[in-house]
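Enquirer: Handing you a structure now.
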Amino acid sequence: MSGRTKLIVALAVLALFAAAAVLVPIPGPADLRAWAAATGPATPVVLLVAYSLLTVVPIPRTVFNLAAGLLVGTTAGIAIGLVATTIAAGLSFGLARLLGRDLVTRHLHRSSVRAVNDRLSDGGVLAITSLRLIPVVPFAPFSYLCGVSSVRLTPYLAGTLLGSVPGTVAVVVLGDALTGDTPPALLACYGVFALVGAIGLVRVFRKRAPAAPVPEPEPAGPAG
């Protein structure tokens, strides 16, 4: 596939994802329970598959985490949320790398593009974990960004899993976002996660280059 074809396909996929994120209705708790009653024992598997695929599109993970808590309980809901998050992150990463990596590589000579690429790739697990902890960083777009960067898959997935644990647990246990009533405890958790993520980013950005060796003093000449 040529670079031009990849760009056209990538733009078409992004347009499709954006339309899906806007047009797909968000179900309420009653709708979720009716759906679970209809699927019966297959509910956990169907939920896992739906979560894994639909969050590749920019549909908020919060909806699926809450659904997991409502439909299968706290323990199973957290497990499904973390497994599906990792799968979705890998799919988003792979899709972006397949369609967009060549385009970014051609622009690495630009200082702004190179700076973002270097910070993500050099920061490793800590950088990915920190950014995943910050609630305002959208899940799917950040996955796309990592896919087109030089970040390696293993630290990306590890950082995604680690950074997603606190938010997933908080929403499954405390969340009530679908009813429009966000508990203060959940807001407090988000604030703490954002602070921890920011601290991690500061550590990444403050990584100093190795200090230049101090030149040795020249030997003194013979006394006159």
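Enquirer: Using the Cα atoms of segment 37-151 to build a convex hull, what is its mean projected area in square nanometres?
Expert: Seen from a random direction, the Cα hull of segment 37-151 projects 7.7 nm² on average.
Enquirer: Distance in nm between label sites at Arg101 and Leu153, each 7 Å beyond Cα in the beta-carbon direction?
Expert: In this crude spin-label approximation the distance works out to 0.9 nm.
Enquirer: I would also like to ask the following. Hey, what do the phi angles of segment 47-63 turn into as Karplus ³J(HN,Hα) couplings, whole Hz, using 6.51/-1.76/1.60 and θ = phi - 60°, x for Gly and Pro?
Expert: 5, 4, 5, 4, 4, 5, 8, 6, 7, 5, 6, x, 9, x, 5, 3, 4
Enquirer: Quick one: which residues, 5+ away or cross-chain, put their amide H under 5 Å from the amide H of Ser150? H built at 1.01 Å from N.
Expert: Result for Ser150 returns Ser121.
Enquirer: Identify the residues of segment 151-167 with backbone N under 16 Å of a label point that sits 7 angstrom from the Cα of Thr74 along the Cα-to-Cβ direction, or state none.
Expert: 166-167
The numbers here are math on the coordinates, done by the rules we state, and not lab data. Since this is a predicted model, take the numbers as computed values, not measurements. Cβ: placed from backbone, ideal geometry, glycine included. Neighbour counts: every protein chain shown.
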